[in-house]
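Encoded as structure tokens, the structure appears first; notes follow it.
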Amino acid sequence: MTAWNADTETTVSEAGTVTLVEGSSFCISSRSGDILPDGETNGAFFQDTRILSHWELHINGSPREPLAAQRPDAFEATFVGRAQWPDGRFDSPLVVRQQRHVGPGLRDDITLENFSAEPVDCSIELLVDADQADLFDVKGGRPTKHTSVTRHVRGHELVVEAISNGQRRGSAIRAAGAEISEDALRFRATIPARGKWSTSVIVVPLVESVAPEEPFTETGVPHLRTGVKRHRAWEKNVPPITLADSSVQATLQWSQRDLGSLRIFDPANPDRVAVAAGAPWFMALFGRDALLASYMALLIDPDLASGTLQTLADIQGTRVDHDSEEEPGRIPHEVRLGVTGGLSRGGTAYYGTADATPLFVGLLGELSRWGLSEDIIESLLPHADRALGWIHDYGDRDGDGFVEYHRATDHGLANQGWKDSWDGINFADGTLAESPIALCEVQAYVYAAYLARACLARAAGERETEQYWAGRAATLKNEFNKRFWLPDKGYFAIALDKDKKPVDSCASNMGHCLWTGIVEEDKASSVVQRLMSREMFTGWGIRTLGSDMGAYNPVSYHNGSVWPHDTALAATGMMRYGFVDEARKVAHGLLGAAGHFDGQLPELFCGFDRYEFHAPVPYPTACAPQAWAAATPVQLMRTLLRFDPDLTRNVVHLAPILPEEFGEFTAENVKLAGSLLTLRAKGREGSVQGLPPGLKLLKEPRPPLDERPGGRAGD
């Protein structure tokens, strides 16, 4: 999930931080609520710009003594501390509460409560600054460049502005009754015995001196804003999931909460929702991340997938631009808001990814099986065909039938698959592979795209088109198994390099090949055996790179760490090929790992063996919440339920194999073709209530993939 032209390995986050998220806005503070200038990655951010870089509350000349930090929702927190009594007495009876709301800016409601029997005179000082730094300068610990920050008091507010890349960004900071200077807001208050004093401090972001819609105000009720209403509606409508195993249920609830907090909306299409990649550094639309996360979240909300497809279709490539790596039909890697300030205007799009384009087509095919509206499918089908055109005309750079990548600009990503760090693709001896590179999982996604297009054609009664794409899939599968298979090692090469030499490291990428079904049956057992080997499976999850490989490092980003989504897709593939025990073992490991993260799986964690440490070792800069990780427990449950709708064939498959300790599983209000289903399962028994008319429930797993014309193409 590396960002365009940004470093992967960055400054380690400070311990004990509190992260709040709403849409693409977020705030990182200490557990006291303060944002300290020496906390390099702290701050409040709006549209990829830091609108607060210093926010430090002093009472009677001293910082608070922090007592508690509570986060009842993704977008709000309450910080409780003890303030110093003016004479410095021990065990001060002066308590400060700070309730913070994040959205189109920030609002802090600060209350001082005097629990003594005598009044007290207090001085309150809030030190403030807003460096207007770009998000990735902050993430990388780099000073802001080419930016001149000005501070001035304008009426009853402090305005801090800067011009960067020709655009004026700013923050307007105010509070009723404050004495305002260029670096602080100050108050004098007499708090009666057993009494209170309070104020609201407002931060309004400015883009070209214009405030966003629905900015925070002193009199407005934060919970009545549109963003909060959307979040409340999500909580109300998301399928309630109950499970006898309280730990797993808590993990699923975290997943639902995190996915809700990561949703982003296009102002031009407010009913359309996509999902941001993760907080704090990737609160933007990433093509690959959004497509995979929304696929993995289908069980709780298919609208995330349809909204993601529609949003990406609007910004699909139309021309050749080497600087942004845009090409006709290509789906973008990421869209940033820092320059243009709005998704509805396209943001700043970078297209350097090899996999988002085939994933786009594959997800559309999956949604057709879930009964997506024919009107939406019809509107998206031309975009799917353009994406398939990109695969042929641009993705396959040398005409050998495989999709390769090679960056067109020095500031683009060197590696353009999901392992997009600079050292993510290497040989078994640790030597880096040179581009153009054809990744194994990208070919698997292309295979799935071809099958999806055949499925869409079958649903439309277009027999000739179905046969064409099913034939393309069969040809690709055959060539892939010839060129990528390493018979002496018993696994697939992670890639072919610039000389078409197999890159022979043992990596988790081949688990994605199981997921899409491109692996031939006679090779699947060997692949699963390798993924479950001591070198790959830690007990918590599958390493991104085997521990016997030359580049292995358990604390690296992509060369030995464990990524929950990566492991979950491998487990899904194992289940598809009938390796039930292995899939259950992997699911058990990941769900167990989630329990050690208080139910909230992070983006990744370190690849140490389970026997070495009693809990998974956190990766220092991992995002949480993060879309892939949040969707992982949902995908694992769907895998264990073996729940697979196929409305193109008028059937729904349900063949659960839940561990006995899970007890009874129930999910209500599961969306399918305009109906709301109730799923129930326990052990190997399951039922579905509310199926649309004409659908047949099959209590058996979905059959293996078959790309033969007229067969089960697209399943």
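Just so it is clear, none of the values below were taken in a lab; they were calculated from the coordinates. On a predicted model such as this, the values are computed, not experimentally measured, just so you know. Cβ coordinates were reconstructed from backbone atoms using ideal geometry, including for glycine residues, and neighbour counts include every protein chain displayed.
A few remarks follow.
- Exposure proxy ranking, count of Cβ atoms within 10 Å, fewest first, for 154, 330, 225: 154, 225, 330
- Ordered by the number of other Cβ atoms lying within 10 Å of each residue's own Cβ, fewest first, 209, 533, 508, 30 fall into the sequence 209, 533, 30, 508.
- Report note on the peptides 391-397, 374-380, 283-289: ranked by the mean count of other C-beta atoms within 10 Å, highest first, their order is 283-289, 391-397, 374-380.
- Charge context of residue 56, other residues only, Cβ under 9 angstrom, K/R +1, D/E -1: -2
- Straight-line reach from residue 477: taking Cα to Cα under 16 Å and skipping same-chain neighbours fewer than 8 places apart, the lysines in range are 523.
- Within the chain: Cβ-based charge dipole about Cα centre, in debye rounded to nearest 20 (Lys, Arg +1; Asp, Glu -1): 1420
- Kirkwood's formula applied to the C-alpha pairs of region 18-221 gives a hydrodynamic radius of 17.3 angstrom.
- Kirkwood hydrodynamic radius of region 238-651, from the reciprocal of the average inverse Cα-Cα distance over all distinct pairs: 21.1 Å.
- Only helices enter the 222 nm calculation for the chain: every DSSP H run of n ≥ 4 contributes -39,500 (n - 2.57), and dividing by all residues gives -8500 deg cm²/dmol, rounded to 500.
- Magnitude of the charge dipole for region 26-112, about its Cα centre and with charges confined to Cβ atoms of Lys, Arg (+1) and Asp, Glu (-1), is about 180 debye.
- For the chain: relative contact order, % (alpha-carbon pairs under 8 angstrom, 6 or more apart): 11
- Ranked by how many other beta carbons lie within 10 Å on average, peptides 576-587, 264-275 from highest: 576-587, 264-275
- Degrees separating the helix 564-576 axis from the principal Cα axis of the chain, which is the longest one: 30
- Leading residue at positive end of dipole, region 238-651 (Cβ point charges), from 621, 587, 546: 587
- With K and R counted +1 and D and E -1, the other residues having a Cβ less than 11 Å from that of residue 231 yield a net charge of +3.
- Taking only alpha carbon atoms, region 375-510 gives an Rg to Rh ratio of 1.02, where Rh is the Kirkwood radius.
- DSSP bridge orientation in region 238-651 - percent antiparallel, rounded to nearest 5: 100
- Amide proton proximity set for residue 545, modelled H, under 5 Å, gap of 5+: 508, 560, 561
- Projected area averaged over orientations for region 274-317, convex hull of C-alpha atoms, nm²: 3.0
- Those lysines that a straight Cα-Cα span of less than 19 Å connects to residue 671, excepting residues fewer than 8 apart in one chain: 236, 696
- Between the Cα long axis of helix 627-641 and the first principal axis of the chain there is an angle of about 50°, rounded to the nearest 10.
- Charge context of residue 531, other residues only, Cβ under 12 angstrom, K/R +1, D/E -1: +1
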